Structure formats: structure tokens, C-alpha cells
Amino acid sequence: MTTQLFKEKPFQESALWDTMMEKNACTSFTLELTARCNNNCRHCYINLPAGDTTARMQELSVGQIMDIADQAVRMGAIWCTITGGEPLIRPDFAEIYIGLKKKGLLVSVMTNATLVTGELVKLFLRYPPRDIEITVYGVTRETYEAVSRRAGSFNAFMRGLDLLLDAGIKIRLKAIAIRSNLHEIQKIAEFSQLRTKDYYRFDPQIILRIDHDPVRNNEIRNERLTPDEIVALEQSDADRTKALEKNCDKLIMSKLSLAESNHLFQCGAGKEVFNVSPDGMFRLCMSLCHPDCVYDLKTGSLADAWQNFIPKVRDMQSNQKDFLSNCQVCPIINLCLWCPGHAYLETGRLDEMVDYFCRVAHARAKALGYTKGTG
Ligand code: SF4
Ligand code: SF4
């Protein structure tokens with residue numbers, strides 16, 4: 001396939017374009033190379049089987065990806081994060097990676113590390129990534145594979161991780177705390193901090209599937225921690241607790257600083273960063289998959305998406321009373337995973353409250369000493 005699938009980009013050289021860019025400069029983007037993965041993690045919001053031919057056929061070609069990257073660089077982007085699914089599953093990964101590096105981009109790679117080879121390590125040594133971010137699902141075979149649901153994946157993960165570490169490539173380790181690995185989360189933290197001293201973070205909340213698969217969504221719900229478990233976990237992390245307490249004033253808003261409009265988007269979606277799905281859909285952020293909020297880059301241009309499409313999405317408003325009197329004026333929204341994108345995944349609507357997120361946010365607020373009820 002060639003890059004001609006993409007339309008001309010009429011706005012890029014114009015004064016209007018320059019003015020617009022000043023208002024909302026593009027700094028980075030995330031490229032989902034594939035939704036396919038060699039693992040089948042219980043909590044995963046995106047993965048499809050490695051051999052899914054329909055998904056593979058829909059993936060952007062190298063030429064299409066390079067065209068999008070060219071457009072992004074012209075708009076000012078300096079940093080690209082490659083993710084998936086599992087991006088290393090693509091046989092043309094090296095070609096894509098080198099192509100992005102040669103455009104002068106800083107490139108980060110998010111991977112499960114199970115497909116790292118000596119050849120890939122040589123590639124990363126020759127063209128260093130900004131960093132490689134790897135999720136640690138467990139530090140024993142039993143726990144790791146209870147999450148990944150693939151025999152042999154723990155050994156493959158350890159081998160890949162060691163290859164990268166032995167070569168001195170910059171690694172960041174992170175974890176996702178779910179029912180299947182909660183008993184090992186402390187050991188995961190110790191394992192990770194031992195290997196990457198300057199960086200470790202864990203995420204205690206997981207989101208539903210972007211394909212809305214009901215069976216997989218039930219699996220994800222079963223993996224979710226209770227609000228009390230989340231708070232206990234967060235409180236066991238001294239740095240996190242300190243940061244939460246320090247920023248308490250900013251996290252919990254006064255009535256005066258709350259939104260007074262009906263606009264759905266109070267967050268940073270569509271500002272400075274964007275996301276491209278495996279099949280070439282422009283998204284304001286990774287989780288925002290509502291059909292009215294995505295733009296097909298195979299038939300349009302990044303400039304058009306940035307200049308014309310984003311403002312339309314950010315102008316979307318709600319007339320839903322429940323939403324307007326709760327989430328829209330919620331003092332603890334910064335402690336909540338609620339946002340229009342996540343609300344859509346949970347409820348099918350962009351402006352619906354999400355009971356589970358609400359309970360987690362209130363538990364966090366209570367732990368910080370905020371007791372007034374909202375929502
Ligand atoms: S390794 Fe990552 S992309 Fe693959 S199934 Fe697990 S969470 Fe999903
Ligand atoms: S779900 Fe609840 S806590 Fe979250 S923003 Fe809405 S009202 Fe606030």
C-alpha cells in the first residue's frame with residue numbers, strides 16, 4: 001500500500017495554520033501499531049489474538065505510518081510512543097522504528113518484552129529509544145501467567161527484560177494491580193525498583209474494552225479491585241501518599257473553580273497530543289473511541305483533524321441533568337477515573353456517571369479527609 005491514500009494537507013503552510021499551531025501546538029503522539037498480542041491478559045482493553053487476520057489486514061502499512069509521522073513532525077511533534085497490542089509482533093517493526101527515528105523523533109516503545117531478541121537489542125543500541133516501557137504482570141511464573149494466560153510467557157518476559165537490561169537500554173517498569181496479581185504487587189514493586197531505580201508506577205484501575213466485548217468486559221470487571229483495596233494499596237506507597245496529600249488543594253476543587261458550562265470536555269483531550277489507532281483512526285486520546293470523536297486519517301489529513309475536527313469534538317455539550325448536576329460540578333473529579341471517554345466505554349454514553357469510579361473517588365477523598373458528598 002502507498003501513502004497516496006492520504007489527502008493533500010492544504011492547511012499546513014498557511015498563516016491560519018501557524019496561528020492555530022501557536023494556540024495548540026502538537027508535541028507528541030501515540031501510535032498503536034496493532035491491537036494483536038501474543039499474550040491474552042485478563043485485564044487488557046484492546047488485545048486481539050496474534051493470528052487475527054481481519055485485525056492484521058486493517059493495520060496501517062509502513063508507508064501510511066510514515067506519512068502520518070511526516071505530518072506530525074511538520075506540526076511540531078518531537079516525541080512518538082509506539083504501542084499496541086504488542087508492537088513487536090509486527091514483522092515490519094524495525095522498519096517502522098528506524099523510519100520514525102530518522103525523522104528525528106524521540107521514540108518510546110511500550111512492550112511486554114516477550115518478543116525481544118538479540119537483533120532487536122542491536123537495533124535499540126544503534127538507534128536508542130527514549131525509553132522502553134514494560135509492564136510487569138507478576139514476578140513468579142504462576143502469577144505472571146495467571147494474568148497473561150499464555151504458557152511460557154514468564155520465561156520469555158524475563159529473557160527479553162534481561163537482554164535489554166544487560167545492553168544498558170533505558171527501561172521503565174510499571175505494574176497494573178488487579179485481582180490476579182494483588183497478592184504479589186509488593187514483590188512486583190521491589191522487583192521493578194531494583195531494576196529501574198528512578199521510575200516505577202502502578203495503576204490500580206483498569207478500563208473496559210474498546211471493542212465492547214461483553215465476555216471480556218466481565219473478565220475485566222472481575223479483576224477490578226474494590227475501592228477500599230485501591231485506597232489501601234495507594235496508602236501503602238509512601239511517595240504516592242505524600243504527593244496526594246501535597247496536592248490535595250488542587251485535587252479537590254472549591255465550588256468557585258468548578259466548570260460552569262455544559263461542555264463535555266474539561267480535560268486535556270485534543271491538546272498537544274493525539275493518538276492513532278491500528279487502523280488509522282485519529283483520536284484525541286487513547287480512550288476516546290466514540291464514533292463521533294474519531295477521524296479517519298486514511299481519508300483525511302492530520303492538519304484537518306487538528307484544525308477542524310478537534311474543536312468540533314471539544315465543543316460537544318450535554319443536556320443530561322444527572323451528569324450536569326454531578327460529574328460536571330464534582331469537586332473530586334481529579335480523584336476519579338471518570339471522563340467522557342471512559343464513561344462511553346462503561347455506559348455507552350459520553351455523559352453518564354460511572355458508579356464504580358464514583359465509589360473509588362469517594363474512598364480516595366475520604367482517605368484525604370474530604371467527607372462532603374458529591375454525585
Ligand atoms: S501484553 Fe499488553 S497488549 Fe498484550 S494482552 Fe497483555 S496487556 Fe494486552
Ligand atoms: S463519577 Fe462521581 S466522583 Fe466521579 S466525577 Fe462523577 S460525580 Fe464525581
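The values are calculated or read from the model by the stated rules, or taken from the named source; none is laboratory data. Given the structure is predicted, the values throughout are model-derived calculations rather than measurements. Cβ placement follows ideal geometry from the backbone for every residue including glycine, while neighbour counts extend to all protein chains displayed. Heads up: the accessible areas ignore ligands, DNA and RNA and are worked out on the full protein's heavy atoms, side chains in. Shrake-Rupley method; radii C 1.70, N 1.55, O 1.52, S 1.80 Å.
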Next item on the list: Normalising by the residue count of the chain, find the relative contact order in percent from Cα pairs under 8 Å and 6+ residues apart.
Entry: 18 percent
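Tally Lys and Arg at +1 and Asp and Glu at -1 over the other residues with C-beta under 15 Å from the C-beta of MET353: what net charge comes out?
Values: positive: LYS321, ARG349, ARG359; negative: ASP322, GLU346, ASP351, GLU352, ASP355.
Result for the local shell: -2.
Out of all Cα-Cα pairs in the stretch 159-315, roughly what percent, to the nearest whole number, are more than 25 Å apart? Mind dumping the intermediate values first?
Values: 6820 of 12246 pairs.
Percentage above 25 Å: 56.
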Next item on the list: Quick one: net charge around LYS312, please, counting Lys, Arg +1 and Asp, Glu -1 for every other residue with C-beta under 13 Å from its C-beta.
Entry: -2
Item checked: Relative contact order for the stretch 108-174, counting Cα pairs under 8 Å that sit 6 or more residues apart, in percent -> 46 percent
Notebook entry, point to check: Kirkwood Rh, Cα Rg: Rg to Rh for the chain?
Noted result: 0.96
Note to self: On a 24 Å Cα-Cα criterion, which of the cross-link pairs LYS271/LYS298; LYS122/LYS298; LYS197/LYS250 come out too long?
What the structure shows: LYS122/LYS298; LYS197/LYS250
Notebook entry, point to check: If you find the alpha carbon centre of the stretch 314-363 and of the stretch 134-204, how far apart are they in angstrom?
Noted result: 32 Å
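With the Cα gyration tensor of the stretch 244-314 in hand, give its eigenvalues times 5 under a square root as the equivalent ellipsoid semi-axes, listed largest first in whole angstrom.
30, 14, 10
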Item checked: Computed over the stretch 109-267: relative contact order in percent, which uses C-alpha pairs under 8 Å that are six or more apart -> 19 percent
Next item on the list: Give the Rg (one decimal place) followed by the Dmax (whole number) of the stretch 82-184, computed from C-alpha coordinates and expressed in Å.
Entry: 14.0, 44
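Tell me the net charge near VAL121. Cut-off is 15 Å between Cβ atoms, VAL121 excluded, with +1 for each Lys or Arg and -1 for each Asp or Glu.
On the way: positive: LYS122, ARG126, ARG159, LYS170; negative: GLU119, ASP131, ASP162, ASP166.
Around VAL121, the surrounding residues sum to 0.
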Note to self: Could you work out what % of the accessible surface of the chain is carbon and sulfur, using a 1.4 angstrom probe and leaving DNA, RNA and ligands out of the count?
What the structure shows: 53 percent
